[in-house]
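Peer 1: What follows is a single structure, and I will ask about it in a moment.
Each reported figure results from applying straightforward, stated rules to the coordinates on display, with no laboratory input. All values reported here derive from a predicted model rather than from experimental measurement. Glycine gets a Cβ as well: all are built from the backbone with ideal geometry, and neighbour counts include every protein chain shown.
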Amino acid sequence: MAGSASEYIQHHLQNLTYGKLPAGYERADGTVIEDTTWTLAHTAQEASDMGFWAVHVDSLGWAVGLGVLFLFLFRMAAKRATSDQPGGLQNFVEVMVEFVDNSVKETFHGKNKVIAPLALTIFCWIFLMNLMDLVPVDFLPQLFHLAGADYMKVVPTTDVNVTLGMSLSVFFLIIFYSLKVKGVGGFLGELTLHPFSSDNLVLKILLVPVNFLLEGVSLIAKPISLALRLFGNLYAGELIFILIALLPLWAQWTLSVPWAIFHILVITLQAFIFMMLTIVYLSMAHEDSH
Amino acid sequence: MNINLTMIGQAIAFFIFVVFCMKYVWPPIMAALQERQKKIADGLAASDRAARDLELAQEKSAQELREAKQQAAGLIEQANKRAAQIVEASKDDARKEGEKLIEQARAEIEQERNQARDALRAEIAAIAVAGAEKILETSVDASKHNEMLEKLAAEL
């Protein structure tokens, strides 16, 4: 734990970034790159200078690893799934599946084979990614530091890229199903003819921009709020864990234990909210409400 | 807080995971769940049916028992009647037999009395003749006085 408190915090909030540095870039250690290179960033400045063409190796690695873990467990249960007496793993998986299935059935009344597995994936995956927040903040980064990695953020959902990646996927699904169910005309009509409507044709046309502005904002707000809600909650939780870790060792448990216990709730709740909102948005996309 | 390719990578991973889940995880588990539901429903229906069958069987057995009891009662009554008839008939026979015997005995007794009376009569006639002989000191010709003697005997 070298350096001042702010350095410690900064260090913990920096992703391990692999990206493109332009030719002629002067690196942190003073060397100048001759050609455009793909490399790991050594400092936060380097990482941000990489711009869009960079990948957070830690976020993606943990996210994919946890996703694979989730699918591996569930696939194992699915392979051995029997209608007779279920084993322990199958019991657990069935509870999850039924819980998600009920949530979907309560909200979404149409026919769609994608939504339920999508909701299950979202819930389990986000839950697992959030769960990494309960691993002591220095434990895994220190391990990776010994292995040679400069930065390691182990909670993928504290990376806004991860949450945005998921919420934008959901957003595209919303657009896709809106167009598929209502058609282009129906979808455009929904965006432009409501909530303000008039029987007078001229007035109707005049109201189109107003409606479009309102509906457009509410449409775009969906993925943004979805991503930022999850990101904000987990980021704040992680930050508090980091702050607690700045306390003297003997005092840490007095705060970290209650916060961790409270965080179990947050973790589950955020995963659930992301899943529920996805279901709600997609069911709204399926409904011809106007 | 850099927005970068991670977002796209995450979206791709997300897409792959969802497709995998949709193809290989969700259907088998739902199938198992539905099959179990069906099994349980079938089991419940079967137990219902079995309970109903049991009730029917109990009713049937009770009915058969009742019928058997009735039959048995009928048989016993018949037997009793028959026994009574037999007793009555044998009583009748016995009475008739007895009467016949009595009749016979009476006839025999009558016969014997008549014989005895006849014998007595003859005896008395002989005694009377003997007495008269004694009285007359002469022998009485039995053949001559037979008529008188018979008259006497008839008077006795």
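Peer 1: Give me the compactness ratio for region A:11-164, meaning the Cα radius of gyration over 2.2 N^0.38 Å.
Peer 2: For region A:11-164, the normalised Cα radius of gyration is 1.37.
Peer 1: Which value, in debye to the nearest 20, gives the size of the charge dipole of region B:77-154 about its Cα centre, when Lys and Arg are +1 and Asp and Glu are -1 at the Cβ? Write out the running numbers ahead of the final one.
Peer 2: Details: 13 positive and 17 negative charges, 55 e Å.
Its charge dipole is roughly 260 debye.
Peer 1: Okay, moving on. Taking the number of other C-beta atoms within 10 Å as the exposure measure, put A:His12, A:His56 in order starting with the fewest.
Peer 2: A:His12, A:His56
Peer 1: Rounded to the nearest 20 debye, what is the charge dipole size of the protein assembly as shown about its Cα centre when +1 sits on each Lys and Arg Cβ and -1 on each Asp and Glu Cβ?
Peer 2: Using Cβ point charges on Lys, Arg, Asp and Glu, the protein assembly as shown gives about 1260 debye.
Peer 1: Okay, next question. Would you mind getting the Kirkwood hydrodynamic radius of chain B from its Cα pairs, rounded to one decimal in Å?
Peer 2: Value: 29.1 Å, from the Cα pair sum.
Peer 1: Moving to a separate point now. Normalise the Debye intensity by I(0) for region A:12-75, one equal point scatterer per Cα, no solvent, then take log10 at q = 0.15, 0.16, 0.17 Å⁻¹ and round to two decimals.
Peer 2: -0.53, -0.57, -0.61
Peer 1: With n ≥ 4 as the cut-off for DSSP H runs, can you work out [θ] at 222 nm for chain A, using -39500 (n - 2.57) per run divided by the number of residues, rounded to the nearest 500?
Peer 2: When only DSSP H runs of four or more count, the value is -24000 deg cm²/dmol.
Peer 1: What is the sum of charges, Lys and Arg at +1 and Asp and Glu at -1, for the other residues whose Cβ falls under 14 Å from the Cβ of A:Gly61?
Peer 2: Once all neighbours under 14 Å are counted, the net charge is -1.
Peer 1: Provide, as a two-decimal number, the C-alpha radius of gyration of region A:62-133 over 2.2 N^0.38 Å, N being how many residues it has.
Peer 2: Region A:62-133 yields a ratio of 1.17.
Peer 1: To the nearest 10 degrees, how steeply does helix B:6-20 sit against the main Cα axis of chain B, on a 0 to 90 scale?
Peer 2: 20 degrees
Peer 1: Taking neighbour counts of Cβ atoms within 10 Å as a proxy for exposure, in what order, fewest first, do B:Ile3, A:Ile126 appear?
Peer 2: Fewest-to-most ranking of B:Ile3, A:Ile126: B:Ile3, A:Ile126.
Peer 1: Set Lys and Arg Cβ to +1 and Asp and Glu Cβ to -1, take the dipole of chain A about its Cα centre, and tell me which of A:Leu66, A:Ala149, A:Leu214 lies farthest positive.
Peer 2: Working it through, the farthest residue towards the positive pole turns out to be A:Leu214.
Peer 1: Can you pull the Kirkwood radius for region B:67-139, inverse mean 1/r over Cα pairs, to one decimal in Å?
Peer 2: Computed over region B:67-139, the radius equals 17.7 Å.
Peer 1: Another question about this same structure. How large is the helix-only mean residue ellipticity at 222 nm for chain B, computed as the sum of -39500 (n - 2.57) over DSSP H runs with n ≥ 4, divided by its residue count, in deg cm²/dmol to the nearest 500?
Peer 2: -32500 deg cm²/dmol
Peer 1: About the Cα centre of chain B, what is the dipole size in debye to 20, counting +1 per Lys and Arg Cβ and -1 per Asp and Glu Cβ, all else neutral? Don't skip to the end; give the middle numbers.
Peer 2: Details: 22 positive and 26 negative charges, 424 e Å.
Once rounded to the nearest 20, the dipole reads 2040 debye.
Peer 1: Oh, and also: Name the lysines eligible as straight-distance cross-link partners of B:Lys60: C-alpha to C-alpha under 22 Å, and not fewer than 8 places from it in the same chain.
Peer 2: Here the lysines satisfying the reach criterion relative to B:Lys60 are B:Lys69.
Peer 1: So if I take the centroid of the Cα atoms in region A:240-274 and the same for region A:66-109, what is the distance between those two points in Å?
Peer 2: Centre-to-centre distance over Cα atoms comes out at 29 Å.
Peer 1: With loop defined by DSSP as not H, G, I, E or B, and exposure as at most 13 other Cβ atoms within 10 Å, which is the longest segment of chain A clear of exposed trypsin sites (Lys or Arg not before Pro)?
Peer 2: The segment A:114-290 is the longest one with no such site.
Peer 1: Follow-up. Provide, in order from the shortest bin, the percent of all Cα-Cα pairs of region A:110-184 in each 10 Å bin, continuing until the bin that contains the maximum pair distance.
Peer 2: 16, 35, 24, 15, 8, 2
Peer 1: Under the rule that an exposed site lies in a DSSP loop and has at most 14 other Cβ atoms within 10 Å, name the longest stretch of chain A with no chymotrypsin sites (Phe, Trp or Tyr not before Pro) of that kind, not counting the sites themselves.
Peer 2: A:54-195
Peer 1: Positive end of the charge dipole of chain A (Lys, Arg +1 and Asp, Glu -1 on Cβ, about the Cα centre): tell me which of A:Ser178, A:Leu228, A:Val137 has its Cα farthest that way.
Peer 2: A:Ser178
Peer 1: Moving to a separate point now. Working from Cα positions, state the angle (0 to 90°, nearest 10) between the long axis of helix A:88-107 and the longest principal axis of chain A.
Peer 2: Helix A:88-107 and the main axis of chain A meet at about 40 degrees.
Peer 1: Let me ask you something else. Can you work out D for region B:33-85 in µm² s⁻¹ from Stokes-Einstein, where Rh is the Kirkwood radius over C-alpha pairs, the temperature is 25 °C and the viscosity is 0.890 mPa s? Intermediate results must be reported in sequence, preceding the final value.
Peer 2: Values: Rh = 14.6 Å.
Rounded to a whole number, D works out at 169 µm²/s.
Peer 1: State, to one decimal in nm², a quarter of the convex hull surface area for the C-alpha atoms of region A:170-253, i.e. the direction-averaged projected area. Display every interim value, and only then the final one.
Peer 2: On the way: hull surface 32.5 nm².
Projected area, direction-averaged: 8.1 nm².
Peer 1: Mind listing the Cα extents of the protein assembly as shown along all three principal axes, in Å, largest one first?
Peer 2: 211, 73, 38
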